[in-house]
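Presented below is the structure to which this report refers.
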Amino acid sequence: MPDFRTLLCSALVAGTALGGVALAPVALSPVALAQSADKPADKPAPQSAPAQPTVPAPVAEEGKPAAGSDAKTSDHSPTSQTPAPAGEAATPANSQSAATGAAMAPASGANAAAQPEGADAELARGAYLATAADCVACHTKPGGKPFAGGLKIATPMGDVVATNITPDPQHGIGSYTEADFENALRHGVRKDGSYLYPVMPYVSYAGMTDQDVKALYAWFMHVVKPVAEAPEETNLSFPASLRSAMMAWNFVASKETPETGDSSTYDQLRRGRYLANALEHCGTCHTPRNFMLSEKQDHYLAGGSLGTWYAPNVTSSKTGGIGDWSEDDLVAYLRTGRVAGRAQAAGPMAEAVEHSTSHLTDADLHALAAFILKVAPMDDDADHAARDAAGKAAETPDIRTKGPQRIDDLAEMDGPHIYDANCSACHGHDGAGTRDHYVPSLFNNSTVGAGRPDNLIMTILNGVDRTAGKEHAFMPGFDGQSNVQRLSDAEVAALTNYITATFGTGDHQVTPELVKSLRKDTPVVNPLAKGK
Amino acid sequence: MPSEQTLSADVVIVGSGVAGSSIANELARAGISVIVLEAGPRVDRQHFVENFRNLENKPSYQGPFPAVPWARHPPNQITPNDYLHTNGPNAEAYQQVYLRMMGGTTWHWAGCAWRYLPSDFELKTRYGQGRDWALKYEDLEPFYYQAEVMMGVCGPDPAKEDLGSPRKQPYPMEALPISYAAQQFRKLIDEKTPWRVVHEPQARNTRPYDNRPTCEGHNNCMPICPIGAMYNGSYSVYHAEAAGAKFIPNAVVYKIERDSANKRVTGVQYYDPEKNSHRVTGKYFVIAAHCIETAKLLLVSADEQSPDGVANSSGHVGRNMMDHTGVQVTFISGDKALWPGRGPLETNVIDNFRDGDWRNERGAYLVHMVDDNQVDFATQMAISKGYVGRELEEQIRYLSSHTVRLFSHNEALPDPDNRLTLSKTNKDILGIPHPEVYYKLPEYTVKSCEHTRKVFKELIGLMHGTDEEWTPGYFPQDHPSGSTIMGTDPKDSVVDGHCRTHDHENLFIASSSVFSTVGTGNITLTVAALALRVADTLKKELLHA
């Protein structure tokens, strides 16, 4: 199974880490849904469904791999900034967000201010669901038109190319009936009968209610702008090239069971569970997998490696998970991507915050947080104390000893010097960051205090690029594509060890080889005269 | 030593600064093969940041960049200098500094990204002074915008603050917030003078841009931005390399070869640091090696065919040297504390003297209220006044929060007598002569500086200033220009309106050396715009040939 596992894992990695999609989420539909969600019993559920148990039981089963690719980390050419720098011909307008805006407009416009009804309400619901399920993350390539696909998800077996899911009849899903749509969304089967790669998290979406599937379908068909563009075909190497192999996998993989009734009327915990499992597919990354790559349901949200980034244990364990967080902390984190003195989202989680959770309604964020914080505690192999508890401000040593060196002296530096030259300008010589925490402190920081150095290394290599609300959090990466500074494997290792020793739980003895294995970019473009 | 295998590309560029690297980037993206020869080494930021922090003399802009022996640059602005030898009545006023290394001199600049005014291109026609360029503002406008996007320039909304250079698009990024010190200054100017203070356009991030962070106001743009929020040429090098351009560091070009008719350049030769010679051939050649080194290279390439140097049938190579030689004063404000030094170095300008009818007799200028940290200056002053102990600390606090530094960019005129030549006595380790410059400030500029002094004195009075310290004589601004001057007549100019040399049809120059006048705004954005226009010309000729 190793090939298959690697395939899926890397798909996952790439998965949420999606590139540069500046989806302005539906302006008004969340409001619309919030209104209905806030008054659960006003309307009878359209279908009389038996009330579901509200126990947030660490859950039946859940999703498979998410989809996506790592455009942000693999492609450092300027992405969706307004005018593209880097000498791309000067084309100022962000066609992407413009197009998105246009695509979204009918939904928002139609529902402005008033409580939507009928078809409008359904479209508004569909728009919100698309955001909560983060469809755009995978189905839009950087700079591409919304939902027109084309994003390449790098896997060792080749690239899985996200498909065009706009309602264009020829290149998209315009010819799909609602039943066809449902079959793809919940069962991973295309209209032509072939199987989707589980890069598409249909095992999670299987948990969506009929009503929500219908709303999502209506929104895609009526609001999303058709785009007559055919993305490249996915062309994997054997055996993954056999889409039929997916049938066998589907047979053994666990799936969500469809929820029933009107999901907007659920009580808080049931709503939270629905959001976590059927829509946001949290477990896709945060639940470790068994040898068949199914999520281990007895380790729900207990943490798993995505090959590069590590999706940490977010169970309610006070030592291994986030049991020391309040519901408000978690809501703030999901809305803004950061909580001062605890954690900040980078990599795939930053993408999830940017494209999805930051757009959820307040009620939904509280529902999601309340549910997550009730997930059964699981100890962690590497984290034996709260990750955000470690460290304190520490004055870095006085290293002002030498005079200026000649400009061609590019000798590799040691940890204190690398920190001084590249980190201290923002994070401070004492690691305290800025007073407003735009630049976070390095102590009381889950990324630094974690038992696994993976995410610290990934952050140093790839940086942080996360927009939530009005805040665009940004830290440059220091990988081989960096404009700011390109660090060698040995330098990243030395820096990681210096930071964890100074502000975290101790020297993690990270080796250059580990850094090399996590470095997803192409090798340093100009092997500078390192070590000369 | 025998040459290695001859290298070849469609376009061979000498120099990897903002001009050379941005041309390389444009061409490589269009699928054209490019080789860039850089005399200096590859460099990186972290070593410069460490050099800066280790430096005792922080205001020394060249300090963190000690040159390599095979590609010397001026070590400082002191005359006599052991690389750039200036002489003449205003030798000190032309003591320019620049950097020879990958990415070029924008490693240390303040990011000021001015467009020239339309009148700057027509000084002769409008005011009967100097020369006209062989192009108009409108010709350059699209390339100005392209350069602003490439660098990431922030600036004011043109509807609210018109800087005099018509724009078709807004700035790529919003203007920097005005610092506290600049706000105080602007308030004073608004209330007590007929002048105005405007936001200075800056190649500096006011939001994440080009995978670089937002400016945090470290206040040491010069000598080195520690976080990469300010543009420098190394980003264009990186982008060009990613697009396939080949950069060769430590390649000191010393010879430009031509065909037997002396009409086309056929190749260039360079030394590596061990003085092995290498040859690079191509279809087109661009010299983008900074005003001083570009002229030097053309002169060094003199041979029997061109005894006065390449592209020099007019005799104007090395002549018409200009700068924004200006006036500088530092004083202690008697008004409220300003606390300068919070934010980038240069963010605001008095722009009322950039143009006017008086330009028929005296040069234009702009005024910077420099927003640099003044603790160093204040400490020296407090000590020299004899303070000790607690009083010394209080004085440092008071003086550093009340110090005001003003300087001006005053317009020069192209005067053929202001001339760069090759040193007959000083050579580098490769045997290449050092540059020498004769400089006498044009009367036009002297009058401009006199006007500036009056304005500065008025400002000092308005701020109840004391302890004036005027920089003696004139203040070089490191904006050398004019050494391969542009014009329509091959008899008195070196390049045409497309920066193509009159003498050699496939040789272009991308540098401030082509400027016909120097205007008042910092030169870099105009250098970049001209370079992008050269790239545009080359693309048209190579792709449609």
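Given the convex hull of the Cα atoms of segment B:1-68, what is a quarter of its surface area in nm²?
6.9 nm²
At a Förster radius of 35 Å, what calculated FRET efficiency corresponds to the Cβ-Cβ distance of B:E161 and B:T537, to the nearest 0.05?
With a Förster radius of 35 Å, E is 0.60.
If you average 1/r over every pair of different alpha-carbon atoms in segment B:404-545 and take one over that average, what Kirkwood value in Å do you get?
18.1 Å
Within 10 Å of each Cβ of B:223-235, how many other protein chain Cβ atoms are there on average?
For peptide B:223-235, the averaged partner shielding equals 3.
Would you mind estimating how fast segment B:301-413 diffuses translationally, via Stokes-Einstein at 20 °C and 1.002 mPa s with the Kirkwood radius over Cα pairs, in µm²/s?
For the chosen part, D equals 121 µm²/s.
Normalised by the number of residues in chain B, what is the relative contact order in percent for Cα pairs under 8 Å and 6+ residues apart?
So the answer I get is 23 percent.
With equal scatterers on the alpha carbons only and no solvent term, can you work out the Debye log10 of I(q)/I(0) for segment A:399-454 at 0.12, 0.19, 0.29, 0.31 1/Å?
So the normalised log intensities are -0.39, -0.80, -1.21, -1.27.
Could you give the nm distance between label points at A:E412 and A:H472, where each point is 7 Å from its Cα heading toward the beta carbon?
3.5 nm
Largest first, please: the extent of the C-alpha atoms of segment B:32-116 along each principal axis, to the nearest Å.
Principal-axis extents of segment B:32-116 (Cα, largest first): 46, 35, 33 Å.
Along the Cα→Cβ direction, 7 angstrom out, place labels at B:R207 and A:D180. What is the inter-label distance in nm?
3.9 nm
Using only alpha carbons, build the gyration tensor for the protein assembly as shown and give me the equivalent ellipsoid semi-axes, biggest first, whole Å.
Result for the protein assembly as shown: semi-axes of 56, 32, 28 Å.
If r is the Cβ-Cβ distance from B:D417 to A:E232 and R0 is 60 Å, what FRET efficiency results, to the nearest 0.05?
Rounded to the nearest 0.05, the efficiency is 0.40.
Put +1 on the Cβ of each Lys and Arg and -1 on the Cβ of each Asp and Glu in chain B; which of B:S481, B:G164, B:G40 then has its Cα farthest toward the positive end of the dipole?
Among B:S481, B:G164, B:G40, the one farthest towards the positive end of the dipole of chain B is B:G40.
How large is the translational diffusion coefficient of segment A:321-392 in µm² per second when you combine the Kirkwood radius over alpha carbon pairs with Stokes-Einstein at 20 °C and 1.002 mPa s?
Estimated diffusion coefficient is 166 µm²/s.
Note down the magnitude of the dipole of the protein assembly as shown about its Cα centre, charges +1 on Lys and Arg C-beta and -1 on Asp and Glu C-beta and zero elsewhere, to the nearest 20 debye.
In total the dipole reaches around 900 debye.
Please say if segment B:500-545 is rounded, prolate or oblate, where rounded means a/c under 1.5 for a ≥ b ≥ c the square roots of the C-alpha gyration tensor eigenvalues, and otherwise the choice is prolate for a/b larger than b/c and oblate otherwise?
Cα axes put segment B:500-545 in the oblate bin.
What is the Rg over Rh value, at two decimals, for segment A:388-431, using alpha-carbon atoms and the Kirkwood definition of Rh?
1.05
Restricting to DSSP H runs of at least four residues, report the calculated mean residue ellipticity at 222 nm for chain B, -39500 (n - 2.57) per run over all residues, nearest 500 deg cm²/dmol.
-8000 deg cm²/dmol
Please report, in debye to the nearest 20, how large the charge dipole of segment B:177-281 is about its Cα centre when each Lys and Arg carries +1 at its beta carbon and each Asp and Glu carries -1 there.
300 debye
Using Cβ contacts closer than 10 Å as the measure, can you line up A:T166, A:T401, B:T517 from fewest to most?
Least crowded to most crowded, the residues run A:T401, A:T166, B:T517.
What is the projected area of the convex hull of the Cα atoms of segment B:137-273, averaged over all directions, in nm²?
Average projection, Cα convex hull of segment B:137-273: 13.3 nm².
Largest first, please: the extent of the C-alpha atoms of segment B:208-324 along each principal axis, to the nearest Å.
55, 36, 27
Order of B:53-59, B:373-379, B:295-301, B:334-340 by packing, highest average Cβ count within 10 Å first?
In descending order of packing, they fall as B:295-301, B:373-379, B:334-340, B:53-59.
Averaging the inverse of every distinct alpha carbon separation and then flipping it gives the Kirkwood radius. What is it for segment A:310-431, in angstrom units?
By the Kirkwood definition, the hydrodynamic radius is 17.2 Å.
Would you work out the charge dipole size for segment B:162-226 about its Cα centre, treating the Cβ of every Lys and Arg as +1 and the Cβ of every Asp and Glu as -1, and quote it to the nearest 20 debye?
Dipole magnitude for segment B:162-226 comes out near 100 debye.
Could you sort the peptides B:81-87, B:382-388 by per-residue average Cβ neighbour count (10 Å cutoff), highest mean leading?
Listed from highest to lowest mean packing, they are B:81-87, B:382-388.
Residues with amide H under 5 Å of A:G149's amide H, sequence separation 5 or more or different chain, H placed in the peptide plane at 1.01 Å from N; which?
Excluding prolines and chain starts, which carry no amide H, the hits are A:T140, A:K141, A:I165.
From other protein chains only, count the Cβ atoms within 10 Å of every residue's Cβ in B:67-73, then give the mean.
2
How would A:Y205, B:Y438 line up from fewest to most surrounding beta-carbon atoms within 10 angstrom?
With the sparsest Cβ surroundings first, the list reads B:Y438, A:Y205.
Is there a simple number for the mean count of other chain Cβ atoms within 10 Å of the Cβ of residues in B:203-212, and what is it?
Across B:203-212, the average partner-chain Cβ count within 10 Å equals 6.
Starting from the Cα gyration tensor of chain B, multiply each eigenvalue by 5, take the square root, and state the resulting semi-axes largest first in whole Å.
The three semi-axes for chain B are 38, 25, 23 Å.
Along the Cα-to-Cβ line of B:A261, 7 Å from the Cα, sits a label point; which residues in segment B:495-518 have backbone N less than 17 Å from it?
Flagged as within label range: B:501-507.
What Kirkwood hydrodynamic radius, in Å, does segment A:359-473 give when the mean of 1/r is taken over all pairs of distinct Cα atoms and then inverted?
So the Kirkwood estimate lands at 17.4 Å.
So what are the ³J(HN,Hα) numbers for segment B:242-247, from phi and the Karplus equation (6.51, -1.76, 1.60; θ = phi - 60°), rounded to whole Hz, Gly and Pro as x?
These are the phi-based 3J(HN,Hα) values: 4, 8, x, 6, 9, 10 Hz.
What do the square roots of 5 times the Cα gyration tensor eigenvalues come to for segment A:255-337, in whole Å, largest first, as semi-axes of the equivalent ellipsoid?
Its equivalent ellipsoid spans semi-axes of 22, 19, 11 Å.
Pulled fully out, how much extra length does the chain show between B:K246 and B:D308, if you take 0.36 nm times their separation in residues and subtract their Cα-Cα distance?
Extending this stretch completely gives an extra 19.2 nm.
Bear in mind that the values in this text are calculations on the coordinates, not laboratory data. Only a predicted model underlies this, so the values are computations on that prediction, with no experimental measurement involved. When we count neighbours, we look across all protein chains shown, and the Cβ atoms used for this are built from the backbone with ideal geometry, even at glycine.
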